[in-house]
Amino acid sequence: MKHNYKIIVLLLAGITAIYTSCHKLNMAPDNQSTVSKKEASVQIAQSLVGIFNPENGGFDFKNGLSMPTDLSLNKKGKIKVQSVDPKPQCGAKLDTTIAFNLDQSDTSKIDIWAKVKYELTCTNGVPSGVTANDSLNMTVVSSEFKLALRMGENLTLKSLNPGVEHAQYSFDGPVNYYAKVDYNKPTTDQPNIEGTFNYNFKSIVVDPKKDPDFILGGSATFSSKGNIGKNTWNYKGTITFLGGHKAKITIDGTIYTADLITGEIN
């Protein structure tokens, strides 16, 4: 399993690009979004790419239910699996905290704190799943901006054929992101940004032997809100995974189809 926490920065940067490439927006009444549903669906799609692509975020789901025994953290906030237990015993656990600090200069600093907890579950003495709980706090300070990031995952992974190596499995649980970017000199083209992205995955079926179409089905609910300068968004919706690296995103009855490899929608 691997993690990478840079995705939220890319998401927020993408939202900013959408805003600065559009015509002037009229401010909506309180509690209404000035980001369209289509624009919001782009951010949802990009975040799903980050969650399911080990190079951009989340677990390396293609590794299946392997049990990590040793982890490290690099300066980009990526948790790397150093080793796995090929034949873990029932009840095997990994519970560790990792911290990283880097002062690149007087005005450029990175502080990362992560807590990771894995536990192997068994059915009739046979390894059948993994519970995975992790949280992250990251602060990045440069001469131009300050980024604060928090992330949490609480996932339950269950083998669909316990005892069989590389068997299909399902997972459930929430994945939550929060990020805030404050510029020293915010402008119209580069405004301050704050965003929350919350997902609750339900019965996502994974075939670790298939790449890149390893997600076979399942669904999720989501909510996302935040602000870009004075403009705001606040949406809730559902996601249905279709297989073939596609997902259907529904916001207020409007449906978009997302590519889980590219993040494009139609």
Over all viewing directions the Cα convex hull of the stretch 109-266 casts an average projected area in nm² of 11.4 nm²
FRET efficiency, 1/(1 + (r/R0)^6) with R0 30 Å, evaluated for T139 and T96 via beta carbons: 0.90
Considering the stretch 131-179, what Rg and Dmax in Å follow from its alpha-carbon atoms? 16.7, 53
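Quick one: if the Förster radius is 22 Å, what FRET efficiency do D85 and K117 give, using the C-beta to C-beta distance and rounding to 0.05?
On the way: r = 15 Å, r/R0 = 0.70.
Efficiency for this residue pair is about 0.90.
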Members of K38/K230; K37/K62; K87/K209; K37/K246; K146/K185; K109/K180 lying beyond 23 Å, as alpha-carbon distances in this model show: K37/K62
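Using the 2.2 N^0.38 Å rule of thumb for compact globular proteins, work out how the stretch 154-194 stacks up: its C-alpha Rg over that value, please.
Details: Rg = 20.6 Å, N = 41, 2.2 N^0.38 = 9.0 Å.
Taking the Cα Rg and dividing by 2.2 N^0.38 Å, one obtains 2.28.
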How big is the stretch 184-226 along each principal axis, measuring the range of its Cα positions in Å and listing the largest first? 48, 22, 13
Expressed in nanometres to one decimal, the distance between label points 7 Å along Cα→Cβ at N198 and K246 is 3.1 nm
Identify the trypsin sites (Lys or Arg not before Pro) of the stretch 164-263 meeting these criteria: DSSP loop state and at most 16 other C-beta atoms within 10 Å of the C-beta. K209, K210, K230
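Values quoted throughout were computed directly from the atomic coordinates according to the rules given, and no laboratory measurement underlies them. Keep in mind it's a predicted model, so treat the numbers as computed, not measured. Cβ coordinates were reconstructed from backbone atoms using ideal geometry, including for glycine residues, and neighbour counts include every protein chain displayed.
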